[in-house]
Amino acid sequence: MTISFARHRFPPAIIRHAVWLYVRFTLSYRDVEDLLAERGLDISYETVRRWVLKFGPLFARELRRRRPRPTSRWHLDESVPRTHQQQWRCGAA
């Protein structure tokens, strides 16, 4: 399912950016409004709030769907701790 931005005045890139600012940096709606105003966009904090409530869960679902699925394979890095001036390799015989 694709996210529909129909009947919204602003382009999808601006809506995504406003929601991303709010969620990623835990800003207030008014902070996001001020950041967008610095870029020349006249968007009220109430509009940002509505976008977050409407599109936030949809964006999260889309990101979860894209995340790679866990498998039964594990990839371990080799570590080399130093103790008492001696070097031991973990997992080495």
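The values are calculated or read from the model by the stated rules, or taken from the named source; none is laboratory data. Please read all numbers here as calculations on a predicted model, not as lab measurements. With ideal geometry, Cβ positions are generated from the backbone for all residues, glycine too; neighbour counts draw on all protein chains shown.
The figures follow:
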| read-out | value |
| --- | --- |
| Residue in the stretch 18-31 that is surrounded by the fewest Cβ atoms within 10 Å (Cβ to Cβ), counting only those that are under 11 Å from the mean Cα position of the chain (by Cα) and assigned to a helix (DSSP H, G or I) | Arg24 |
| Every residue from the stretch 1-31 that is of a type outside the set (A, V, I, L, M, F, W, C), farther than 15 Å from Glu46 by Cβ and in contact with a Phe, Trp or Tyr (Cβ under 9 Å, 6 or more places away or on another chain) | Pro11, Pro12, Arg16 |
| Single match in Asp34, Asp77 (criterion: surrounded by fewer than 13 Cβ atoms within 10 Å (Cβ to Cβ) and either in contact with a Ser or Thr (Cβ under 7 Å, 6 or more places away or on another chain) or assigned to a helix (DSSP H, G or I) (or both)) | Asp34 |
| Filtered residue count, the stretch 42-59, keeping only those that are modelled with pLDDT under 95 and of a type in the set (A, V, I, L, M) | 1 |
| Residue list for the stretch 32-51, filter: under 18 Å from the mean Cα position of the chain (by Cα) and among the charged types (D, E, K, R) | Arg49 |
| Pair list, Cβ under 8 Å, 6 or more apart: the stretch 39-62 residue free of Cβ contacts under 8 Å to residues at least 12 places away in the same chain, other residue buried (at least 16 other Cβ atoms within 10 Å of the Cβ) and part of a helix (DSSP H, G or I) | Ser44/Glu33 |
| Flag for Asp42 being out of contact with any helix residue (DSSP H, G or I) (no Cβ under 9 Å at 6 or more places or on another chain) and either part of a loop (DSSP other than H, G, I, E, B) or charged (D, E, K, R) (or both) | no |
